[in-house]
1. Lysine pairs in segment 140-253 with alpha-carbon atoms under 26 Å apart, 8 or more places apart or on different chains: how many are there?
2. Which of these values of Rg and Dmax of the Cα atoms in Å was calculated from the structure shown: (1) 23.5, 98; (2) 21.7, 85; (3) 20.6, 73?
3. For segment 209-250, which trypsin sites (Lys or Arg not before Pro) pass both filters: DSSP loop (anything but H, G, I, E, B) and at most 15 other C-beta atoms within 10 Å?
4. In what order do 244, 62, 119, 158 fall by count of nearby beta-carbon atoms within 10 Å, going from fewest to most?
5. Write down the radius of gyration of segment 165-262 and its Dmax, each obtained from C-alpha positions, in Å.
6. May I ask you to compute the full-extension gain from residue 321 to residue 219, defined as 0.36 nm times their residue separation minus their alpha-carbon distance, rounded to one decimal in nm?
7. Given 0.36 nm per residue, what is the gain on full extension from residue 81 to residue 143 after removing their alpha carbon distance, in nm?
8. Taking the Cα-to-Cβ direction at residue 211 and at residue 27 and moving 7 Å from each Cα, how far apart do the two end points lie in nm?
Amino acid sequence: MAALTGPKTTSDPALPALAAQEPKKLSGLGLYGRFAFAGAVCCSVTHGGLTPVDVVKTRIQLDPVTYNRGLIGGFRQVVQNEGAGALLTGVGPTFAGYFLQGAFKFGGYEFFKQQSINLLGYETASNNRTAVYLASSACAEFFADIALCPLEATRIRLVSEPTFANGLVGGFGKIYRTEGLGAFYSGFGPILFKQVPYTMAKFVVYEKVSEAIFRSVDKNTASDGTKTLINLGSGLIAGFAAALVSQPADTMLSKINKTKGLPGEGTTSRLIKIAQELGFRGSYAGIGARLFMVGTLTAGQFAIYGDIKRVIGATGGVEISK
């Protein structure tokens, strides 16, 4: 009888197998490093792949009198005037810049979202999740722009002046030698003005749209293909919203990086002058091309980001959607 009531010395052989099947929950650097890697890949691939659209969009913004035939007409003009290779102008800075920016943006967004949850508590963060999304994306984008700004300045100079230099290294070095380190950040104000609202709109609209969809689709049982389609659709809508919000600053950024300022002319005075010259209508030059570009790349970003996270096991994040 004592044997019946004594401690159980044998173990269930099925328990180790069940434990092995459960995905490992990550945290700390292991988790956020994966978020950053997924963000870096999705941003560099999508922005790099859309370099031809960006070239045409930038030309329309900088010279709307010449490039006045819309997106398709702009493609034809660039090819006729400079050859098809001109459509890949700035592809090097684009890949490099958005690899860095994507790492900080997506990795930072997940990091700051988790810090908000830690600070507020899960329930409070969930009840105020729109504010959490906005604050987290704004903080992440600030640091992302510090990394992006020098490479974006180089890209715009290469696109606006095709004979300026031969590629990323040449363009970067020439700006540094002739204009100094400050030239790389002459557009930091406009890039913040453009990218922070852009990213806030991008993430909050994506979160809201995907949350609405998952109210009718069970996230736990949905196939990977279904999740990818949902990410694509949510990202497309988010991209349209982000493009409309950030278009005026995007135009100003292209203008301020096209040429260096006059002696003694500060960034603020240059921005004011550019804004006055553009007006409301001028600030939305190239919006058709940019809606297509941003909608496409944002949809692609969220789809690729979600797929890479699944593949590399970035499953330890906390979601506050309902």
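Nothing in this text is a laboratory measurement; each read-out follows from the coordinates by a stated rule. Every value quoted in this text rests on a predicted model; they were computed, and no experiment measured them. Ideal geometry is used to build each Cβ from the backbone, glycine not excepted, and the neighbour counts take in all protein chains shown.
1. Working: 174/194; 194/202; 194/208; 202/219; 202/227; 208/219; 208/227; 219/227.
For segment 140-253, qualifying lysine pairs total 8.
2. Entry (1).
3. Numbers: sites: 215, 219, 227; in loops: 215, 219.
Answer in residue order: 215, 219.
4. Values: 244 16, 62 21, 119 10, 158 28.
In increasing order of surrounding Cβ atoms, one gets 119, 244, 62, 158.
5. Every Cα atom of segment 165-262 included, Rg and Dmax give 19.5, 60 Å.
6. Numbers: separation 102, 0.36 × 102 = 36.72 nm, distance 1.16 nm.
Between residue 321 and residue 219, full extension yields an extra 35.6 nm.
7. Difference between extended and current length: 18.5 nm.
8. Those two pseudo-labels are separated by 2.5 nm.
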